[in-house]
Amino acid sequence: GRRRGRRGERAALPGQGRLPAEAAEFLASGRNKAAGESFAALATRLESVIGEQQTAAAEIAASAAAKEKSLRDVIETAGMNPDAIAPLADAQGGPYIPMGVDAAKADLFARDPNLDAADATLDRVATLQTAMLAIPFANPLPSVMRISSGFGGRSDPFNGGRAFHSGLDFKSGMGAPVIATAPGVVTIAEWHGGYGKLVEIDHGYGLKTRYAHLSSIDVVEGQKVAFGDKVGGLGSTGRSTGPHLHYEVWYDGQARNPWNYLKAGANVLQRQGT
């Protein structure tokens, strides 16, 4: 019958010699050489993949940062503070002093810091993009012929004295449609002193727009309006010398130059290639 091997000795498989019984014997045998070469190749490939992922993560972070800067530039052009909408991360700095971690022992599968930076940036980008939808970038009078009076100091048309003009005057035909320049909620829709028939819309983010001297009002207080909805017809009610739209933009409790918002809106269209 088959002879039993000595105690502790492994039986040989067909076509093989005796298998090493101890690790040291296995290493000395050279049979691990092929495996070692495979592992070395795998490690090299792994390092290459990690390098590619790090490059991709850096590119994603850079792209997100460029997008954020573009949005911030537009919002700043309008005269608004983008930090009030999407605060930047707390400032940090200082020289780079490694903690002495052995690179060979580092976690090769640790999440790339660039991805964390990109995630934080993209969160701010999403917040800024949402705010952009509420900013009154558009022309309130699509049929405008010209701007008859600008924002700021001017000679008062009634008494000739120096006065502050809190908006832009848009000239067009009587009854021409006046539209909401951004979505929001109507807060005033009535006769309002020198404004005559006035519509005011609250857009959130500290933004309001006013449409004055209207001949008619097509919305009611509390109504939600979308961008482009008709709010009334151009007129000459209140303290007015003739048919025009007096248009105001308020931000953070102050009347701002609507021209800056129109200019920023043109910048947005230009960046979109339209």
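Those strands (runs of 3 or more DSSP E) of the range 183-274 in which at least 3 residues are out of contact with any Phe, Trp or Tyr (no Cβ under 9 Å at 6 or more places or on another chain), considering only elements entirely within it, cover 184-191, 197-204. So if I check each of Ala62, Ala43, which one is surrounded by 11 or more Cβ atoms within 10 Å (Cβ to Cβ) and at pLDDT 80 or above? Ala62 is the lone residue from the list that is surrounded by 11 or more Cβ atoms within 10 Å (Cβ to Cβ) and at pLDDT 80 or above.
When Pro87, Pro95 are checked against the criterion of being in a loop (DSSP other than H, G, I, E, B), open to solvent by 80 Å² or more (accessible area, probe 1.4 Å) and modelled with pLDDT under 90, a single residue qualifies: Pro95.
Looking at Val101, is it touching a Phe, Trp or Tyr at 6+ places or on another chain (Cβ under 9 Å) and at pLDDT below 95?
no
Going through the range 180-197 one residue at a time, which ones are farther than 15 Å from Leu141 by Cα, among the aliphatic types (A, V, I, L, M) and open to solvent by less than 40 Å² (accessible area, probe 1.4 Å)? Matches in the range 180-197: Val186, Ile188, Ala189. Taking the range 215-274 as the range and being charged (D, E, K, R) and touching a residue at least 40 places away in the same chain (Cβ under 8 Å) as the test, the residues that pass are Lys224, Asp229, Lys230, Arg239, Glu248, Asp252, Arg256, Lys263, Arg271. If you check Lys224, Lys208 for being closer than 22 Å to Phe151 by Cβ and among the basic types (Lys, Arg), only one passes: Lys208.
The values are calculated or read from the model by the stated rules, or taken from the named source; none is laboratory data. Keep in mind it's a predicted model, so treat the numbers as computed, not measured. Reconstructed Cβ throughout: ideal geometry from the backbone, glycine too, with neighbour counts over all protein chains shown. Ligands, DNA and RNA are stripped out before the accessible areas are found, and what is left, the full protein with its side chains, is counted by its heavy atoms. Shrake-Rupley method; radii C 1.70, N 1.55, O 1.52, S 1.80 Å.
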